[in-house]
Amino acid sequence: GNSVTQMEGPVTLSEEAFLTINCTYTATGYPSLFWYVQYPGEGLQLLLKATKADDKGSNKGFEATYRKETTSFHLEKGSVQVSDSAVYFCALSDQGGNKLTFGTGTQLKVEL
Amino acid sequence: SAVISQKPSRDICQRGTSLTIQCQVDSQVTMMFWYRQQPGQSLTLIATANQGSEATYESGFVIDKFPISRPNLTFSTLTVSNMSPEDSSIYLCSVQDRQGWGSREQFFGPGTRLTVL
């Protein structure tokens, strides 16, 4: 079956540091890939997505590239802010498109 | 994207009782889903709510424990029956409309935080 593996957290960074959160997946066919973010006390928000190999999703300074050869979708940001502190979930939907499989989530803490 | 609301936003319930959670969308959608997020954990899909037919449940979830209704294309309910403390979680509904919002992305409601004593 499908699965998503994320790096464990919490990840603690200083403001303006570079962020990478690793995500790898196992799936048959050609899944779509997503990053969702959950700010404290709030629901999930879609951060970015990529639907085919070599696509780059980007939003709010975050980027992730769909790498089929390494089955990865790592999340990056060049300069994090305190307001980026949240839990980040990597997810995929299978080729049928109806079911999302989530990783375990990575908590990011950004300090001044 | 759609605007999704859930009621209640949170509740504290006694063991053995049931709670019905409502999910309302501001536009018609084809697919609605219910997820559970246990404390400190990721999201697990409970079921897909199909309009006009019975819900489709994932492994480990059964209709007697989590009955779902989907009376129209903008509304669904999830009931958590005969609750125990292990049911304490955040319950989220999500929607998907492939035509309107691109390929396969889902949008989530704010969640219902349930505590069972």
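Test each condition in (1) surrounded by 15 or more Cβ atoms within 10 Å (Cβ to Cβ); (2) in contact (Cβ under 8 Å) with a residue 60 or more places away in the chain for B:Phe61 and report the one that comes out false. Result: B:Phe61 fails condition (2) only. Name the residues in the range A:59-73 that are over 11 Å from the mean Cα position of the chain (by Cα), closer than 20 Å to A:Met7 by Cα and in a strand (DSSP E or B), would you? Across the range A:59-73, the qualifying residue is only A:Arg67. Summed over the range B:65-89, the residues that are part of a loop (DSSP other than H, G, I, E, B) and either over 18 Å from B:Thr44 (Cβ atoms) or basic (Lys, Arg) (or both) give a count of 4.
Only residues that are among the polar types (S, T, N, Q), part of a loop (DSSP other than H, G, I, E, B) and closer than 21 Å to B:Arg113 by Cα: list them for the range B:26-64, please. B:Gln38, B:Gln41, B:Ser42 - these are the residues of the range B:26-64 that are among the polar types (S, T, N, Q), part of a loop (DSSP other than H, G, I, E, B) and closer than 21 Å to B:Arg113 by Cα. Keeping to the range B:1-17, report how many residues are assigned to a strand (DSSP E or B) and either among the β-branched types (Val, Ile, Thr) or loosely packed, with under 12 Cβ neighbours inside 10 Å (or both). Number of matching residues: 3. Counting only residues that are more than 16 Å from B:Gln28 (Cβ to Cβ), at pLDDT below 95 and part of a strand (DSSP E or B), the range B:93-112 holds 1 of them.
From the set of residues in the range A:13-58 that are hydroxyl-bearing (Ser, Thr, Tyr) and assigned to a loop (DSSP other than H, G, I, E, B), which is surrounded by the most Cβ atoms within 10 Å (Cβ to Cβ)? Of everything passing the filter in the range A:13-58, A:Thr51 is surrounded by the most Cβ atoms within 10 Å (Cβ to Cβ).
Is the range B:18-25 home to any residue that is in contact (Cβ under 8 Å) with a residue 60 or more places away in the chain, among the small types (Gly, Ala, Ser) and not in a strand (DSSP E or B)? Yes, the conditions are met somewhere in the range B:18-25.
Just checking, does the range A:8-25 include any residue being modelled with pLDDT of 95 or more, in contact with a helix residue (DSSP H, G or I) (Cβ under 9 Å, 6 or more places away or on another chain) and closer than 28 Å to B:Thr112 by Cβ? No: the range A:8-25 contains no residue that is modelled with pLDDT of 95 or more, in contact with a helix residue (DSSP H, G or I) (Cβ under 9 Å, 6 or more places away or on another chain) and closer than 28 Å to B:Thr112 by Cβ.
The values are calculated or read from the model by the stated rules, or taken from the named source; none is laboratory data. From a predicted model like this one, the values you see are computed outputs, not experimental measurements. Every residue, glycine among them, receives a Cβ derived from its backbone with ideal geometry; neighbour counts consider all protein chains shown.
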